[in-house]
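Encoded as structure tokens, the structure appears first; notes follow it.
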Amino acid sequence: MQKIIILDFGSQTTQLIGRRVRELNTFCEILPYNKYPEDDKDVIGVILSGSPLSVYADDAFHVDLSHIRGRLPILGICYGAQLISYNYGGRVESAGTREYGRQHLQYIDATCPLFRGFDEHSQVWMSHGDSITRLPEGARRIASTETVENAAYFIPDAQPVYGTQFHPEVFHTLQGTLLLKNFVVDICGSRQEWSAEKFVETTVHELREQIGSDRVILGLSGGVDSSVVAVLLNHAIGDQLTCIFVDHGMLRKNEFRDVMRDYEGLGLNVIGVDASDKFLSDLSGVKEPEQKRKIIGRDFVEVFNAEAQKITDAKWLAQGTIYPDRIESLNITGKVIKSHHNVGGLPKDMHLKLCEPIRWLFKDEVRRVGRSLGMPEHLITRHPFPGPGLAVRILGDITREKIHILQEADDIYIRNLREAGLYDQIWQAGAILLSEVRSVGVMGDERTYENPIALRAVTSSDAMTADFAHIPYEVLAKISNEIINKVKGVNRVCYDISSKPPSTIEWE
Ligand code: XMP
């Protein structure tokens, strides 16, 4: 399949370039800047991302483009454009101050294919400390702004090279998607054949080839990613797949029962394991969040492995890893931003091979694939839920009674969000039991001294950043009333109005 390679020099917006290219129904891979593939027969063009670094910095990322230039069209964005200049006889200098924000193009070469269809003073987004003060050899300026003379350039070659100082991938570059379309479709010649249906067709075919008649184990969590993997594998290899769904006792109200029913309805071969006694007894008295996570992680691996060992002829372990998880772990700066929560640990002595069929997909693409596989909508649109479940939403130690209180409050909350038509507009919502806090209330003629419930709901596109959801007061009032009236042990409800960063989505 045709693909665009995006070489990542560490910019915050590299992932966005990938998303935009995918939105043009074109497959792309984001690779660390120095990992251009040896076999590039399907590659139709290369995009060089931005970077927080200067091309002159001691630790700058440099790369030899000679094996790409002239063979494939290239688009350098910000640092990418500066790097091409630096490599091919141009000059890059510090602009003195960092230029950040909206600008309007003053000059634009309307004959240039990159700007086909562009408006004269189109708004672009700049974010750079260095500027290109001399264009690379043979280059022609194709755009300027009031303060940036070389806002874009073009080098004619056997295959064209373009550079833009601004960022076409960000929303504030109003015609950025058009620019990327001009590059990807017109200049690189994408046939725009990437779609959820196409993905299912090729992946099912590849899975059959890869797995043959082997047996595969998959850990299901009830979330959309592992569920989509299960259905894909089921299409490809049918009952060679065995799924394991562990109930650690800290799922939402009725979730284990409902999700098992959904899975069975999808024709999956699922073993449901109720291990709540083990988890809750190991967690007894433990208050510290990281320790809770460690115990749950360890117990999960133990329970899962014990079940997996029973499938003696298994050769593969399938996982619902998706692209943003991988980009984070492939981060070229070498810093771990978020450790992978969901990956428990492989049953080592079973020597399983890893199968990750949705490793190239973004979350919204996973959902589209789920729809094209005919999965029920409520499974596809289900909010993300943390692996340790309600354990990270009960502050302090965990007891069955606290779990019960939180499940009831959470159930009222989520049902009301659905009834108000808000559930699908929200990335993730959940209730938190502040069991370490008690406050005074009055119910009838009686004084109460009980725990508060906090409600959390955020909007986000990838959980890396998030804003609190602006739920109407009337809906919040109804939820608060219902929780306080119906859930024994709760006499106060608060709404969390923090964004991420600096807060996180979960409270622990
Ligand atoms: P935070 O709280 O870090 O959460 O803003 C970001 C996203 O990750 C989920 N999350 C977890 N998922 N195990 C998981 O499987 C965990 O320990 C965990 N902690 C947070 C969280 O629900 C949100 O979607």
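Since residue 208 meets every condition but one in (1) under 20 Å from residue 24 (Cβ atoms); (2) surrounded by fewer than 21 Cβ atoms within 10 Å (Cβ to Cβ); (3) among the basic types (Lys, Arg), which condition does it not meet?
Among (1) under 20 Å from residue 24 (Cβ atoms); (2) surrounded by fewer than 21 Cβ atoms within 10 Å (Cβ to Cβ); (3) among the basic types (Lys, Arg), residue 208 violates only (1).
Just to be sure I understand, how many residues within the range 134-146 are over 37 Å from the mean Cα position of the chain (by Cα) and in a strand (DSSP E or B)? Step through it out loud before you land on a result.
Within the range 134-146, the subset over 37 Å from the mean Cα position of the chain (by Cα) is 134, 137-140.
Subset that is in a strand (DSSP E or B): 134, 140.
Of the residues in that region, 2 qualify.
In the range 376-393, which residue that is outside any helix (DSSP H, G or I) and surrounded by fewer than 16 Cβ atoms within 10 Å (Cβ to Cβ) is nearest to the ligand (Cβ to nearest atom)?
Only one residue fits best here, namely 384.
Does residue 166 satisfy the criteria of being part of a strand (DSSP E or B), at pLDDT 95 or above and surrounded by 15 or more Cβ atoms within 10 Å (Cβ to Cβ)?
Numbers: part of a strand (DSSP E or B): no; at pLDDT 95 or above: yes; surrounded by 15 or more Cβ atoms within 10 Å (Cβ to Cβ): yes.
When the stated conditions are applied, residue 166 does not pass them.
For the range 111-127, check the following and say yes or no: at least one residue is assigned to a strand (DSSP E or B) and more than 33 Å from the chain's Cα centre (by Cα). Don't jump to the end; show me each part of the working.
If we filter the range 111-127 for residues that are assigned to a strand (DSSP E or B), which is where we start, we get 123-127.
Add one more test, that the residue is more than 33 Å from the chain's Cα centre (by Cα), and what stays is none.
Within the range 111-127, none of the residues are assigned to a strand (DSSP E or B) and more than 33 Å from the chain's Cα centre (by Cα).
Of everything in the range 304-330 that's away from the ligand (no atom under 16 Å from the Cβ) and among the hydrophobic types (A, V, I, L, M, F, W, C), which residue is modelled with the lowest pLDDT? Spell out how you get there, then give the answer.
Our first condition is that a residue be away from the ligand (no atom under 16 Å from the Cβ); within the range 304-330, this holds for 305-318, 330.
Checking the rest, the ones that are also among the hydrophobic types (A, V, I, L, M, F, W, C) come to 306, 308, 311, 314, 316-318, 330.
Working: 306: 92, 308: 91, 311: 93, 314: 94, 316: 96, 317: 94, 318: 95, 330: 53.
Across the range 304-330, the extreme among qualifying residues is 330.
Does the range 448-463 contain any residue that is more than 16 Å from the ligand (Cβ to nearest atom) and in a loop (DSSP other than H, G, I, E, B)?
Step one: of the range 448-463, the residues more than 16 Å from the ligand (Cβ to nearest atom) are 448-453.
This time we only want the ones that are in a loop (DSSP other than H, G, I, E, B), so: none.
No, every residue in the range 448-463 fails to be more than 16 Å from the ligand (Cβ to nearest atom) and in a loop (DSSP other than H, G, I, E, B).
Being modelled with pLDDT under 90, among the hydrophobic types (A, V, I, L, M, F, W, C) and assigned to a helix (DSSP H, G or I), is that true of even one residue in the range 345-359?
The answer is yes, given that some residue of the range 345-359 is modelled with pLDDT under 90, among the hydrophobic types (A, V, I, L, M, F, W, C) and assigned to a helix (DSSP H, G or I).
Quick check: anything in the range 116-125 under 29 Å from residue 43 (Cβ atoms) and buried (at least 22 other Cβ atoms within 10 Å of the Cβ)?
Yes, there is a match, as at least one residue in the range 116-125 is under 29 Å from residue 43 (Cβ atoms) and buried (at least 22 other Cβ atoms within 10 Å of the Cβ).
One residue is enough: does the range 174-194 have a residue meeting the conditions over 20 Å from residue 4 (Cα atoms) and β-branched (Val, Ile, Thr)?
no
Listed here are the residues, each with its yes/no results for (1) surrounded by fewer than 15 Cβ atoms within 10 Å (Cβ to Cβ); (2) touching a Leu at 6+ places or on another chain (Cβ under 8 Å); (3) at pLDDT 80 or above.
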position	(1), (2), (3)
365	no, no, yes
369	no, yes, yes
374	yes, no, yes
395	no, yes, yes
408	no, no, yes
416	no, no, yes
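Specify the residue that is farthest from the chain's Cα centre (by Cα); the eligible residues are those in the range 488-508 that are away from the ligand (no atom under 14 Å from the Cβ) and of a type in the set (A, V, I, L, M, F, W, C). Lay out the reasoning, then the answer.
Within the range 488-508, the subset away from the ligand (no atom under 14 Å from the Cβ) is 488-495, 497.
Remaining after also requiring of a type in the set (A, V, I, L, M, F, W, C): 490, 493-494, 497.
Values: 490: 35, 493: 31, 494: 29, 497: 23 Å.
Among residues in the range 488-508 that are away from the ligand (no atom under 14 Å from the Cβ) and of a type in the set (A, V, I, L, M, F, W, C), the one farthest from the chain's Cα centre (by Cα) is 490.
Name the pairs: first residue in the range 377-403 and basic (Lys, Arg), second residue part of a helix (DSSP H, G or I) and within 14 Å of the ligand (Cβ to nearest atom), Cβ to Cβ under 7 Å, at least 6 apart or on different chains?
382/224
So in the range 465-487, with the set limited to residues that are surrounded by fewer than 15 Cβ atoms within 10 Å (Cβ to Cβ) and under 25 Å from residue 289 (Cα atoms), which one is nearest to the ligand (Cβ to nearest atom)?
Just the residues of the range 465-487 that are surrounded by fewer than 15 Cβ atoms within 10 Å (Cβ to Cβ), to begin with: 465, 467, 470, 472-474, 477, 481, 485-486.
Filter again for under 25 Å from residue 289 (Cα atoms), leaving 465, 467.
Working: 465: 9, 467: 12 Å.
Result: 465.
The values are calculated or read from the model by the stated rules, or taken from the named source; none is laboratory data. Bear in mind that the values here come from a model prediction, so they are computed numbers and not experimental data. Backbone-built Cβ (ideal geometry, glycine too); neighbour counts: all protein chains shown.
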